[in-house]
Structure formats: C-alpha cells, structure tokens
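One structure is given below, encoded as structure tokens.
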Amino acid sequence: MRISGQEKLDCFRQVCKSRRLSLTPQRVAIYKALIACDDHPRAEDIFNLVRASFPDISMDTVYRTLTKFTEIGLATLVEGCGPARRYDPITEPHHHFRCRRCNVIIDFHDTRFDALQPPESITEKYAVSSVKVTLEGVCDKCSQTVQ
Ligand SMILES: [Zn+2]
Ligand SMILES: [Zn+2]
C-alpha cells in the first residue's frame, strides 16, 4: 500500500514541526521533489528539479537538507549503490533490486525477506534495527541492449 503525496506532505509537516525544523519554502520544495522521484534520486537530481523554482538554491543546501531529512526519518539513504549517494522517500520496510549496468534501483516488497532473521554472530553483539535485501543483476532494459 502506497500512501498519497498529500499524506506524505502532511506527515512531512508534522515531523518538521515536532523536530522544530522550520518549514522553509526550499525545504518543502526539496521534499516535494524527493517524493516526486520514484527512482531513488541523487542529490544532484533533486537539485536540478528544485532549481526550476528556486534558481538561487545551492547544491550544498540540497545536500544538507537531504542529510537532515535522513536524520529525522523522512528519507533513507540507499547503501552500496556506487559513488553517488541515493535517497529514498519510502521509509517503510522494503527491498531493492539494483541493475549493475545502469544503476536503476527498483523497490519491491516480499514478506519472506521481511521475516529474515539476522545471524546470531551479529545479534549477540549488535542491535539490528532493520533488514534490507538488495538483489543485483541486469534490468530488463539493459538485457535487451547488446553491450
Ligand atoms: Zn539496467
Ligand atoms: Zn527504495
């Protein structure tokens, strides 16, 4: 079940309020751009989208804002997907498929993966808060193009 953009925005406003983060027009625009992207955007992609309405915004502001969003649970950082950091507006548990050729990241849900138990060698030392599975391979588009 995906929640609507409006619900996401309402939730965003509430989280910002409870974390005493002021709702500047730039922050709202950055969040809107983030939830408009369903392909795990890089900070640069967000920057390019937001710049259309805020020509003076800097890449640094976008970076700092996205980092703040991940700190307060409004976004997650997608791990292990190459040099550029990728952001994910979906904070509910889900898993990823990543194409090794074009780096596209596809979301999927799977109750078997959700139920995976971390090994004891980890849990006896570390507190595990989430389990994410990343499958890697070649996407449908790339497998059609000969390389
Ligand atoms: Zn691909
Ligand atoms: Zn995702």
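The values are calculated or read from the model by the stated rules, or taken from the named source; none is laboratory data. None of these values were measured; they are calculated from a predicted model. Cβ coordinates were reconstructed from backbone atoms using ideal geometry, including for glycine residues, and neighbour counts include every protein chain displayed.
Scanning region 93-102 for residues that are surrounded by 16 or more Cβ atoms within 10 Å (Cβ to Cβ) and in contact with a Lys or Arg (Cβ under 9 Å, 6 or more places away or on another chain) gives His94, His95, His96, Cys99.
For region 1-9, indicate whether the set of residues that are within 18 Å of the chain's Cα centre (by Cα) and within 16 Å of ligand 1 (Cβ to nearest atom) is non-empty. No, because not a single residue in region 1-9 is within 18 Å of the chain's Cα centre (by Cα) and within 16 Å of ligand 1 (Cβ to nearest atom). When region 26-82 is filtered for residues that are of a type in the set (Asp, Glu) and over 13 Å from the mean Cα position of the chain (by Cα), the ones remaining, listed by number, are Glu44, Asp56, Asp60.
Scanning region 80-92 for residues that are in contact (Cβ under 8 Å) with a residue 24 or more places away in the chain and either loosely packed, with under 14 Cβ neighbours inside 10 Å or within 16 Å of ligand 1 (Cβ to nearest atom) (or both), we see that the one that is nearest to Leu9 (Cα to Cα) is Arg86. Each residue in region 96-117 was checked for being hydrophobic (A, V, I, L, M, F, W, C) and away from ligand 1 (no atom under 16 Å from the Cβ), and 3 of them qualify.
For region 118-147, filtering for residues that are within 22 Å of the chain's Cα centre (by Cα), more than 15 Å from ligand 1 (Cβ to nearest atom) and surrounded by 10 or more Cβ atoms within 10 Å (Cβ to Cβ) leaves 4. On the given criteria, is Ile35 modelled with pLDDT under 95, surrounded by 14 or more Cβ atoms within 10 Å (Cβ to Cβ) and within 24 Å of Ser130 (Cα to Cα)? So Ile35 passes the test.
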